[in-house]
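Participant: Once you've had a glance at the structure underneath, I'll fire off some questions.
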Amino acid sequence: MGFSTKAIHAGNEPDPTTGAVTVPIYQTSTYAQEGLGKHKGFEYARTQNPTRLALERNIAALEGAKFGYAFASGMAAIDAILRLVHAGDHVIVSDNTYGGTFRLFTRILSNYGIEFSFVDTSDASNVEAAIKDNTRMVFLETPTNPVMIISDLQAVSDVAHARGVRVVCDNTFMSPYLQRPMEFGVDIVVHSTTKYLNGHSDGVGGVAVLNDEKDAEWLGFVQNGAGAILSPFDSWLVLRGTKTLAVRMEQHDKSGRAIAAFLEEHPKVEKIYYPGSLSHRQHDLAKRQQKGFGGMVAFDVGSLERARTVLEAVRLCTLAESLGGVETLISHPATMTHASVLVETRQRIGITDGLVRISVGLEDTEDIIADLDQALDKA
Ligand SMILES: *Cc1c(COP(=O)(O)O)cnc(C)c1O
């Protein structure tokens, strides 16, 4: 079955009681039981909810996984995945991961005896060198936010698996339409559904999918036991979002390429970060493991003043955090999404004061380019 067919049908069976074609929002906290110990598989809505279940099946199918668990946010999903490791265990993490992930690991989970090493995972030999006897997990993000560093999913999975270490990939930037990490050996895929999967900037959520039965059982136990579940309404929004994921991603990718090409030629732009550009040092790897390059483009205009001018001069693009929605968003990583990342780290990986990030939306490509052009002219 093709991707769009799965996106529209997996988990989306017509409602058995009414025939409703769209999975209803089961807005209930509990379910009537027919007798003691006799029920329809639903007892209490933290534990099971039909709308959430439909979404979990849908995204698992899109990533090629057997099991899926939906959470209240991307961070809640990542936090739940980290419950697979224990005090005394070691986790290797991509060194320019999403700021919220960095904060969760260094400021919260490190208080519970979990040890983290942040390494440049774009070279699998760095991962290999960082593996210790107590390493239990490698946590990748690829491409990274916002400078688009790519990790070789197959190479990292190979070195980790040789030492019995599981690999997690945050696939938020690509979505399963453009990248399916499990096809390269990754064990667990996590998404902030807030971004491309929901796609309309109107809900916060997260999902984790995997194949290993023991890990899946524990993740389900954590979902219910810690309780950071996705609500029925938010589950429904994401379920609606994934139905158009393929057509949306095609257009994000098409406009992303056009805008990256425009920026690359613009005299006010010193450097662009886009895996689809031939100037990207990992362009070939991106082509190998991604189906496209997506709608995230970052570019450096050289100084904070120029970045500020661009960010304040745009009229169509909206100055805001987040990404993956229908509207084009523009942001300043150094002071917005990556403010919690150490200054030295920011400088080393290229998150300079002049860096601007765009989440290319679904407006007409020419309109987005015209807006960026007039804003750059003022810089
Ligand atoms: C937004 C984001 C997250 C966090 O997700 P929330 O839904 O905001 O909690 C994690 N990883 C990446 C790559 C993200 O972009």
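The values are calculated or read from the model by the stated rules, or taken from the named source; none is laboratory data. Source: prediction; values computed, not measured. Every residue, glycine as well, gets a Cβ built from its backbone with ideal geometry; the counts of neighbours run over all protein chains shown. With ligands, DNA and RNA removed, areas are computed over all heavy atoms of the protein, side chains included. Shrake-Rupley method; radii C 1.70, N 1.55, O 1.52, S 1.80 Å.
Participant: Based on alpha-carbon positions alone, could you give the equivalent ellipsoid semi-axes of segment 1-154 from the gyration tensor, as √(5λ), descending, whole Å?
Facilitator: In descending order the semi-axes read 37, 21, 13 Å.
Participant: Considering only Leu376, Ile229, Asn198, whose Cα is most displaced toward the positive end of the charge dipole of the chain, charges sitting on Cβ of Lys, Arg (+1) and Asp, Glu (-1)?
Facilitator: Ile229
Participant: By average Cβ neighbour count within 10 Å, what is the ranking of 195-205, 367-377, 14-24 from highest down?
Facilitator: Packing order, densest peptide first, comes out as 195-205, 367-377, 14-24.
Participant: Next question. Can you find, among Thr365, Val301, Ala286, the residue sitting farthest towards the positive end of the charge dipole of segment 246-377, where Lys and Arg contribute +1 and Asp and Glu -1 at Cβ?
Facilitator: Final value for the positive-end residue is Ala286.
Participant: Would you mind classifying segment 246-324 by shape? Square roots of the alpha carbon gyration tensor eigenvalues, ordered a ≥ b ≥ c; an a/c under 1.5 is rounded, otherwise it is prolate if a/b is larger than b/c and oblate if not.
Facilitator: It comes out oblate by the Cα gyration axes.
Participant: Still on this structure: Could you do me a favour and compute the accessible area per residue for segment 246-377, 1.4 Å probe, result in Å²?
Facilitator: With all protein chains present, segment 246-377 gives 43 Å² per residue.
Participant: Here's something else I'd like to know. Quantify, in whole percent, the carbon and sulfur part of the accessible surface of the chain (1.4 Å probe; protein heavy atoms only).
Facilitator: Carbon with sulfur: 52 percent of the solvent-accessible area.
Participant: Which ³J(HN,Hα) values, rounded to whole Hz and listed in residue order, are derived for segment 62-68 from phi using the Karplus coefficients 6.51, -1.76 and 1.60 in 6.51 cos²θ - 1.76 cosθ + 1.60 with θ = phi - 60°, glycine and proline given as x?
Facilitator: For segment 62-68, the Karplus-derived couplings read 5, 8, x, 10, 8, 10, x Hz, x marking Gly and Pro.
Participant: Keeping all protein chains in place, calculate the accessible area per residue for segment 3-242 (probe 1.4 angstrom), answer in Å².
Facilitator: 40 Å²
Participant: Compute the long axis of helix 153-162 from its Cα atoms, compare it with the longest principal axis of the Cα atoms of the chain, and write down the angle in degrees, 0 to 90, nearest 10.
Facilitator: So the inclination is approximately 50 degrees.
Participant: If we sort 187-194, 331-338 on the protection proxy, mean other Cβ atoms within 10 Å, highest first, what's the order?
Facilitator: 187-194, 331-338
Participant: Once you've got the Cα coordinates, tell me which of Lys40/Lys195; Lys243/Lys287; Lys195/Lys287; Lys195/Lys271; Lys214/Lys287 are over 30 Å apart.
Facilitator: Lys40/Lys195; Lys214/Lys287
Participant: What list of ³J(HN,Hα) values in whole Hz, one per residue of segment 268-276 in order, does the Karplus curve 6.51 cos²θ - 1.76 cosθ + 1.60 (θ = phi - 60°) give from phi, with Gly and Pro shown as x?
Facilitator: 7, 9, 8, 7, 10, 10, 8, x, x
Participant: Let me check something: with ligands and nucleic acids excluded, how do Tyr112, Tyr98, Tyr274 order by accessible area (1.4 Å probe), largest to smallest?
Facilitator: Reading off the accessible areas and sorting them downward yields Tyr112, Tyr98, Tyr274.
Participant: Still on this structure, please answer the following. If the only charges are +1 at each Lys and Arg Cβ and -1 at each Asp and Glu Cβ, what is the size of the charge dipole of segment 246-377 around the Cα centre, to the nearest 20 debye?
Facilitator: That gives segment 246-377 a dipole magnitude of about 620 debye.
Participant: Still on this structure, I have one more. Using only the Cα atoms of the chain, build the gyration tensor, take square roots of its eigenvalues as a ≥ b ≥ c, and label the shape rounded, prolate or oblate: rounded if a/c is under 1.5, else prolate if a/b is larger than b/c, else oblate.
Facilitator: Cα axes put the chain in the oblate bin.
Participant: 5 Å is the cut-off here: which amide hydrogens, built 1.01 Å from N in the peptide plane, fall below it relative to Glu141, excluding neighbours closer than 5 in sequence?
Facilitator: Ser94, Asp170
Participant: A further question follows. Could you pull the accessible area for Leu245 with a 1.4 Å probe, rounded to 10 Å²?
Facilitator: Its heavy atoms expose roughly 0 Å² to the probe.
Participant: Ok, one more. Which far-off residues, 5 or more places away or on another chain, put their amide H under 5 Å from the one on Phe116, with H placed in the peptide plane?
Facilitator: Answer set, sorted by chain and number: Val91.
Participant: For the chain, what is the charge dipole size about the Cα centre, in debye to the nearest 20, if Lys and Arg each add +1 at the Cβ and Asp and Glu each add -1 at the Cβ?
Facilitator: Charge dipole, the chain, about its Cα centre: 540 debye, nearest 20.
Participant: Each residue of segment 173-186 in turn: what ³J(HN,Hα) in whole Hz from Karplus with 6.51, -1.76, 1.60 and θ = phi - 60°, glycine and Pro shown as x?
Facilitator: 3J(HN,Hα) across segment 173-186, in whole Hz: 5, 9, 6, x, 5, 9, 7, 10, x, 5, 5, 10, x, 5.
Participant: Here is a further query. Only bridges whose two residues both fall in the chain count here: according to DSSP, what percent of them are antiparallel, nearest 5?
Facilitator: 55 percent
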